[in-house]
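The values are calculated or read from the model by the stated rules, or taken from the named source; none is laboratory data. In this text the structure is predicted, and so the values were computed from the model without any measurement. No Cβ is skipped: glycine too gets one built from the backbone with ideal geometry, and neighbour counts run over all protein chains shown. Accessible surface areas use protein heavy atoms only, side chains included; no ligands, DNA or RNA. Shrake-Rupley method; radii C 1.70, N 1.55, O 1.52, S 1.80 Å.
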Amino acid sequence: MYRSIVLEGVERLHLIDGEGTLHHGADQEWYPLSWQRRAGCGPTTASQLLLYNSRTYPELGLMTVTDKDGMVALMEEVWTYITPGLMGVHLVSHFTRGLERYLAAHTIDRTVVSLAIPKEREARPFLDEVVAFITKSLQAGQPVAFLNLDSSGIRNLDPWHWVTVVGLFQVSEGSPVMLTIYDAGESFPIEFSLWYETTGRSSGFVTLA
């Protein structure tokens, strides 16, 4: 394989529910209220970044989460910092400001880092630059939050949605760049290079450093 990057200790994002079922990360459907379940992908994804850091770097003093119930408690707390509006959390800045406020309120020694993908194609970073951002984050031991507003040709990626990137791979030089995504408690690949070429809206990536 030309390249294969997987978040070290990716199983630290895994959660067990009361019935013993394994989930690949959290699911916004776990929120108790209907509006939260509809609009909660942003705070859910931010909670995943915090979950991984709490389990990987316990010295940070983040909330301890051991199972689904604990994750819901974290998601509820993060909701108060990253609160969706009528359009959800459709801006990278909305996500980053809320996450920065959460870190500051809990005196967590982490920095929020983001990469915006403008709607205008001529203003976008090159694909290699975006791949480098994701690769650097994963290799540094940080999952990546991904805002996708327009899935275009990618059928297994929901539009107007935040997901968590945990891996990047490419079979050979010149072949499609693939991302491994955690969303709704499941793990699956998406053809990222096709998404990059076809998406018609702004988007972006957020991680911790």
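In this structure, does residue 158 turn out to be in contact with a helix residue (DSSP H, G or I) (Cβ under 7 Å, 6 or more places away or on another chain), loosely packed, with under 15 Cβ neighbours inside 10 Å, assigned to a loop (DSSP other than H, G, I, E, B) and of a type outside the set (Ser, Thr, Tyr)?
no
Go over the candidates 36, 28 one by one and state the one that is surrounded by 15 or more Cβ atoms within 10 Å (Cβ to Cβ), on the phi < 0 side of the Ramachandran plot, without any contact (Cβ under 8 Å) to a residue 60 or more places away in the chain and not small (Gly, Ala, Ser).
After ruling out the rest, the residue left standing is 36.
Does residue 62 satisfy the criteria of being out of contact with any Gly (no Cβ under 7 Å at 6 or more places or on another chain), free of Cβ contacts under 8 Å to residues at least 40 places away in the same chain and not acidic (Asp, Glu)?
no
Suppose we filter 186, 173, 197 for residues that are loosely packed, with under 14 Cβ neighbours inside 10 Å, of a type in the set (Asp, Glu) and in contact with a His (Cβ under 9 Å, 6 or more places away or on another chain); which single one remains?
Just one listed residue meets the conditions, 186.
State which residue is least open to solvent (accessible area, probe 1.4 Å) when the search covers only the range 101-140 and only residues that are part of a strand (DSSP E or B) and in contact with a Ser or Thr (Cβ under 8 Å, 6 or more places away or on another chain).
Of the residues in the range 101-140, the ones part of a strand (DSSP E or B) are 112-117.
Checking the rest, the ones that are also in contact with a Ser or Thr (Cβ under 8 Å, 6 or more places away or on another chain) come to 112-114, 116-117.
Working: 112: 24, 113: 50, 114: 61, 116: 62, 117: 3 Å².
Filtering first and then ranking leaves 117.
Could you list all residues from the range 39-82 that are loosely packed, with under 15 Cβ neighbours inside 10 Å and of a type outside the set (D, E, K, R)?
Of everything in the range 39-82, those that are loosely packed, with under 15 Cβ neighbours inside 10 Å and of a type outside the set (D, E, K, R) turn out to be 58, 61, 64, 66, 73, 80.
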